[in-house]
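Everything below concerns the one structure shown next.
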Amino acid sequence: MGRSPSRGNQKGRDREERDSEFVDKLVHINRVAKVVKGGRRFGFAALVVVGDQKGRVGFGHGKAREVPEAIRKATESAKRNLIKVPLREGRTLHHDVSGRHGAGRVLLRAAPPGTGIIAGGPMRAVFETLGIQDVVAKSLGSSNPYNMVRATFAALNREDSPRSVAARRGKKVSEIVARRRDTAGDAVASADA
């Protein structure tokens, strides 16, 4: 006799399909030791970045006694804290932006096609999972991976699309984008002079 698939099994399958669209990257693992009577007890802290490579990205932090468990916790935390970032042509940022968190400061710049991802380790992981193909980034402050990732997310949260700017100002998108082209042309003309 054929049985209909159980409801719980269907939910599990839906979750697997949703999880398969995400790419996760391990940014950093920190080993910590707690000194106890019998010696040292080791624990692990993992920093993971998760994204769908279509403009959504998140980061998470997990701690456990074993590395795989710490990574699993960090990945789940990252999937709960996703942000949506507007991308130009699905490959780069709309405008240059900076962000900071603690002593970590980062500068992100939009780049022409073919540039690739020019960025340091923790920032590179964020851009790869986000789906950006062309970007130039510089870390100006702390090299602590936690602060670098948080500063990168602070910068990405400030990223605006021409559509949202136009809606906020009550203008047409073409007016906003045309102005951007004019200012780029003025900059080139002044450089030539």
*asked:* Can you tell me which residue is farthest from residue 132 (Cα to Cα) among those in region 81-100 that are touching a residue at least 24 places away in the same chain (Cβ under 8 Å) and touching a Phe, Trp or Tyr at 6+ places or on another chain (Cβ under 8 Å)?
replied: 99
_First in region 57-76 and within 21 Å of residue 151 (Cβ to Cβ) and open to solvent by less than 70 Å² (accessible area, probe 1.4 Å), second anywhere and part of a helix (DSSP H, G or I) and among the acidic types (Asp, Glu), Cβ under 9 Å, 6 or more apart_ = 60/76; 62/69; 62/76
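Consider region 37-73. How many of its residues are of a type in the set (D, E, K, R) and touching a helix residue (DSSP H, G or I) at 6+ places or on another chain (Cβ under 9 Å)? Before you say what the answer is, go through the steps one by one.
So in region 37-73, the residues of a type in the set (D, E, K, R) come out as 37, 40-41, 52, 54, 56, 63, 65-66, 69, 72-73.
Narrowing the set further to residues that are touching a helix residue (DSSP H, G or I) at 6+ places or on another chain (Cβ under 9 Å) leaves 52, 54, 56, 63.
Residues meeting the conditions: 4.
With the structure loaded, tell me whether residue 75 is within 23 Å of residue 44 (Cα to Cα) and of a type in the set (Val, Ile, Thr) or whether it fails that test.
On the way: within 23 Å of residue 44 (Cα to Cα): yes; of a type in the set (Val, Ile, Thr): yes.
Against the criterion (within 23 Å of residue 44 (Cα to Cα) and of a type in the set (Val, Ile, Thr)), residue 75 qualifies.
When you check residue 82 against the structure, is it farther than 20 Å from residue 20 by Cα and not charged (D, E, K, R), yes or no?
On the way: farther than 20 Å from residue 20 by Cα: no; not charged (D, E, K, R): yes.
For residue 82, the condition - farther than 20 Å from residue 20 by Cα and not charged (D, E, K, R) - is not met.
Name the one entry in 45, 33 that is open to solvent by 20 Å² or more (accessible area, probe 1.4 Å) and over 17 Å from the mean Cα position of the chain (by Cα).
Numbers: 45 fails: open to solvent by 20 Å² or more (accessible area, probe 1.4 Å).
Sole residue among the options that is open to solvent by 20 Å² or more (accessible area, probe 1.4 Å) and over 17 Å from the mean Cα position of the chain (by Cα): 33.
The values are calculated or read from the model by the stated rules, or taken from the named source; none is laboratory data. Just so we're clear, the structure is a prediction, and the values are computed from it rather than from any experiment. Here the Cβ is made from the backbone with ideal geometry for all residues, glycine too, and neighbour counts use every protein chain on show. Remember, those area values only see protein heavy atoms, side chains included, never the ligands or the DNA or RNA. Shrake-Rupley method; radii C 1.70, N 1.55, O 1.52, S 1.80 Å.
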